[in-house]
Every structure is written in structure tokens, then in C-alpha cells.
1. Calculate the dipole size of the chain relative to its Cα centre from +1 charges on Lys and Arg beta carbons and -1 charges on Asp and Glu beta carbons; express the result in debye to the nearest 20.
2. Which aspartates and glutamates does Lys262 reach when only Cα atoms under 15 Å apart count, and residues fewer than 8 places away in its own chain are ignored?
3. Keeping all protein chains in place, calculate the accessible area per residue for the chain (probe 1.4 angstrom), answer in Å².
4. Expressed in nm², what is the orientationally averaged projection area of the convex hull enclosing the Cα positions of segment 236-374?
5. Going by accessible area, probe 1.4 Å, with all protein chains left in place, what is the ranking of Tyr314, Tyr62, largest first?
6. Express the carbon and sulfur contribution to the solvent-accessible surface of segment 85-189 as a percent, rounded to the nearest whole number, probe 1.4 angstrom.
7. Please arrange Lys96, Lys109, Lys178, Lys187 by accessible surface area, largest first, computed with a 1.4 Å probe and ligands excluded.
8. Please report how far the C-alpha centroid of segment 223-239 lies from that of segment 252-297, rounded to the nearest whole angstrom.
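The values are calculated or read from the model by the stated rules, or taken from the named source; none is laboratory data. In this text the structure is predicted, and so the values were computed from the model without any measurement. Because the Cβ atoms are built from the backbone with ideal geometry, glycine has one as well, and the counts that use them run over all protein chains shown. All accessible areas refer to the heavy atoms of the entire protein, side chains included, with ligands and DNA or RNA removed. Shrake-Rupley method; radii C 1.70, N 1.55, O 1.52, S 1.80 Å.
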Amino acid sequence: MTHTPIRLGMVGGGKGAMIGNVHRIAARLDNRFALIAGALSTTPERNAESAAEIGIAPERTYDDFAVMAREEAARPDGIEAVSICTPNHVHFPAAKAFLEAGIHVICDKPMTSTLEDAHALAQIAEEARALFVLTHNYSAYPQLRLAREMIARGDLGPIRLVQVEYAQDWLARPSDSKQAAWRGDPKKAGAGGSIGDIGTHAFQLARFVSGMAPERLAADLTSFVPGRAVDDNAQIMMRYASGAKGSLWCSQVAPGTENGLKLRIYGEIAGIEWAHETPETLWFTKLGEPARKLRRGAETMAGSRVPPGHPEGYLEGFANIYAEAAEAIRARQAGQPHETLLPGIRDGVEGLEFIDACIRSAEADSAWVEVGHG
């Protein structure tokens, strides 16, 4: 399969946008993509500045992503894929425009800002000639792939408990920063605050590793900061069809935490534990036995880029998503079958179903509600 760099465009991710730079680093880490076009910012002046800063030619700089999709699809040297790094409310119209133009889409999470748009995008993606990839980057960490394999082959026994949390403190006080402003606006972020921004990451990770999706949940959503229009803390209980129970806590108002993503899963005979702050270590403990520290490289090198002892983490996990997306795109172009663990449309729809269920439950005084049944 050819490794000629895939011609890549970007929507959003202009000057001052942290996640856009993360996508660009991830895309070029394996030399599988070449960024050549973009609609990066909301004003023509800032758009031109952003494009010049990252080396996109003026003739491939667009002020409108719909024009970009149409014109790039018509060019013989047009982009083959696009990264969408905008606030949530732009995900749907941008993804729709590029999918319908036959251009592969790599989109930041959550997939859309509403469940209605998620279902509509799923239909569009099913009919499109192009792939849709959602950047739930934590699911590409080697030790979490190992945990998934261990659970699937029964190393933990039947699963009883799933515990996941994602805590931050950057919104503990009112903020008028660009990143905080749109995340606090339901018209741009969607109805979910912390549940949409980081809760969907925690939800998808627990789903990916355990192999189970909850049937019902009960959610207590809170906006601790006065005047905030969306939740900044959520405590959620979950029930699975197997009888397993779960809980999810996500917060952006927990002082002393920076990016505290943690996952613990317990079965009848063993448990696993993983934390983002030490991503190369997976703890595995059999009932009645000492804990085993499974280090990246000692048990598996799948998804690893450097020898053991050289730390890997966030950017490398993101880059794994891009590398796997490149393989999937080239396979699709060649008409070849290709199996992948890439998060995609299903993950996106389930994320919005999770947000929807949390809001319905909270509005009913934390009553138990079905997930995916509004």
C-alpha cells in the first residue's frame, strides 16, 4: 500500500486554537499527511494570518468551508481528507459538506452538538464514498489497547464494575478566554458542558476498553460557577445489560487536577487500573495475588513509537489515530478490506446519546433513563 502523503485540509484550528496544533502535529508525525488547504479562522484577515503562519498557500486558503469542499473536490490535486477542529456546532455542517464531496473526514469530538445532527450525519456517512473518523485519541494508547484485549479474552472474568473519571480545574472560576467562551455557550458547545467536552471521552474510553455500552444511567449535573449556562460537573451511575454497574465522574471545577483521566474495571477474578498521568503503565491484579505492573513494551509494543523508557503519551496517541486513518483511507481508495479499531460514527452517535440521556436524567431529578431512547 502506498505511503505517499495524503493531501489534507483543515477547518478551524487557526491562531490561538490549541487543538488545531495538536491535530497538525499528529498528522505529520508519521509523514502520512501533507496539509495543503484550510478554512482556519472566522474572519478573512485572521484566516489569512493563520494560513501564512502554518504554510498554506493563499490560493488554497478559504474563508468558507463549503466553498473549500466544493473547489477542492473539483481539483485534480485537491485534498483527500480534512481535519475538523472547530467548536462543536460547526462539526455537523462541515462534516456534511466534505463527506458529500467524497472527502474523508477526521473530526474532533463530540461528533455534533445535537443528537438529531448525529443521527443525520450517520446517515450521510453511510451513503458517502468517504470515511469518517472521530479523534477519541485515548483509545489509541498502547496500554489501553492491551486492556481491551485482556478483557475480551476473559482475563478479568465476567465484568462487574466499570469506574471512569475525567477531572480538570481550568474552569473552576469564570473565564472569558476564547476556549472557555464557546464551551460555555450552548449554541456552540451543545447542551452539555463537561459531559460533552470531557465526559464523552470518559464514556467512549470505558465503552472501548470494556466492550460494553450502558443501557440505563442516572445523572446529577451541576453548574457550580455562577452564571454558567452548561454543566461543569457531572456524577453519573450506569447499568449494563450483563448486570455490571458503572460510574462516571467528570468535572472541570476540581482544583488541583489538570487532566485527570482514570479508568478502573473489575471482573470476578481480576481488575485493571490505568491513569493518563502514567499512561505507559497498566496495573493488573488477580484476586488474592500481588498487583502486576504491565509496562509499555514489556507486554506489547503495538502502537508504540520509541523503545521502552522513553515516555510516550498524548501526542503519540493522537498520531496513532492519524496513522490508522491514513491506512484506512488508502485501503478504501484501493478497494481493499481493512479492519480497524478507529473510533467513528458509532462512537459519535453513542457519545451524543450519552449526553442526551444525562440531560434527560438530570431534568428528571436524576431519574434512571434509557440510553439511546429519547
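1. Its charge dipole is roughly 700 debye.
2. The reachable aspartates and glutamates, counting only those whose Cα sits under 15 Å from Lys262, are Glu165, Glu273, Glu277, Glu280.
3. It amounts to 44 Å² per residue over the chain.
4. Reported value for the Cα convex hull: 12.5 nm².
5. Descending accessible area places them as Tyr314, Tyr62.
6. Summing carbon and sulfur atoms, their accessible area is 49 percent of the total for segment 85-189.
7. Descending accessible area places them as Lys187, Lys178, Lys96, Lys109.
8. Each part reduced to its Cα centre gives a spacing of 25 Å.
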